[in-house]
Amino acid sequence: MSGSSLATAIQRISGASQQPSDDLVAIEEPLEIRLGHESGGRREDSSVSITMRTPGSDAELAIGFLYTEAIIKSAADIALVKHCGPPAPDTGSHNVIRVELEPGVDVDLERLRRHFYTTSSCGVCGKTSLDALRTCGAADQPLTTTRFSKAVLTALPDRLRAAQKTFAQTGGLHAAAAFDTNGKLVACHEDIGRHNAVDKVIGELLSRGLLPATDLGLIVSGRASFELLQKAVMAGMPVLAAVSAPSSLAVDLAREFNVTLIGFLRGDTFNIYSAEERIV
């Protein structure tokens, strides 16, 4: 077992033959994110999220989630990040992490609950989701900023795949990476959940003082959903590239905030759904 995969006994079938074997599967376990913060002049401990994730880079996942949900504004808001509670019996992973905020940092947990409603409830329109982003400080990306070449973009999927060590073992993980104008992967993470992989990337960028990432793009190994584009917008990233399809609301969001949205990035072909001026 590695930190992200677990060996399990299987029956391997090939045509008419069957034989016992071992296989590596991606680990999926819950992570509870707890927040230590001030409220009404006293310290409180609040559970803000439980997500199913692949263990590893939990601190980056937690602070990336808090940043993209506008709970924290900068790395200076964070006093301490640490695991707590007993390890899981099967894998030894610690599945609770606590982010302690500095004194005086205001926290709007009700805004987080409102955002969860707008992104999860049936019948809530796209305009409500877009308006919710603007209220938490998301800004349009100027079209006069960073440019990315077609050659850089078409080389990214192979570079991302080469960096996916656990995917190579299990075939069961998504990946996300921040890349610069030369195509270098500045931060790269894997996870069973595509949104967690993006949070891990953004959390690493935050801890390295690289946010807002106005000179970096984001590539994801699957489709481009509203949720992933929302995270890119909050991180100030001008480009989101996906190897699969975008959703309709992702396209709307990209056009609303002037983000260059790229889909079906495979081989030497891709589609540009918004802000094509950044691609040269």
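Read-outs throughout are calculated quantities, based only on the coordinates presented, and are distinct from any laboratory measurement. Not measured: the values here are computed from a predicted model. Don't worry about glycine lacking a Cβ; one is built from the backbone with ideal geometry, like all the others, and counts go over all protein chains shown.
Derived scalar couplings between HN and Hα for region 273-280 equal 9, 6, 6, 5, 4, 6, 9, 10 Hz in order, rounded to whole Hz, by the Karplus curve 6.51 cos²θ - 1.76 cosθ + 1.60 (θ = phi - 60°), x for Gly and Pro.
Over the residues of the chain, the helix contribution to mean residue ellipticity at 222 nm works out to -9000 deg cm²/dmol, using -39500 (n - 2.57) for each DSSP H run of at least 4. Projecting the Cα atoms of I97, S47, A224 onto the charge dipole of the chain, computed from C-beta unit charges around the Cα centre, puts A224 farthest toward the positive end. Build a GNM of the chain with springs between Cα atoms under 10 Å apart, and of V251, V233, V220 the one that fluctuates most is V251. Simple point charges give the picture: +1 on the Cβ of Lys and Arg, -1 on the Cβ of Asp and Glu, and for the chain a dipole about the Cα centre of about 500 debye. Footprinting exposure proxy ranking of I262, I50, I97, fewest other C-beta atoms within 10 angstrom first, gives I50, I97, I262. So, in region 141-278, how many Lys pairs have Cα atoms under 19 Å apart, if the pair is 8 or more places apart or on different chains? Count of close lysine pairs: 5. Neighbour counting of Cβ atoms within 10 Å sorts the residues E100, E60, fewest neighbours leading, into E100, E60. Using a Gaussian network model of the chain in which every pair of alpha carbons under 10 angstrom is joined by a spring, one finds that among G41, G92, G222 the greatest mean-square fluctuation is at G41. Residues in region 179-189 carry Karplus couplings, in order, of 9, 9, 5, 8, x, 6, 7, 7, 8, 9, 9 Hz; the curve used is 6.51 cos²θ - 1.76 cosθ + 1.60 with θ = phi - 60°, and Gly or Pro positions show x. Taking Cα centre as origin and charging only the Cβ of basic (Lys, Arg, +1) and acidic (Asp, Glu, -1) residues, the dipole magnitude of region 141-278 rounds to 260 debye.
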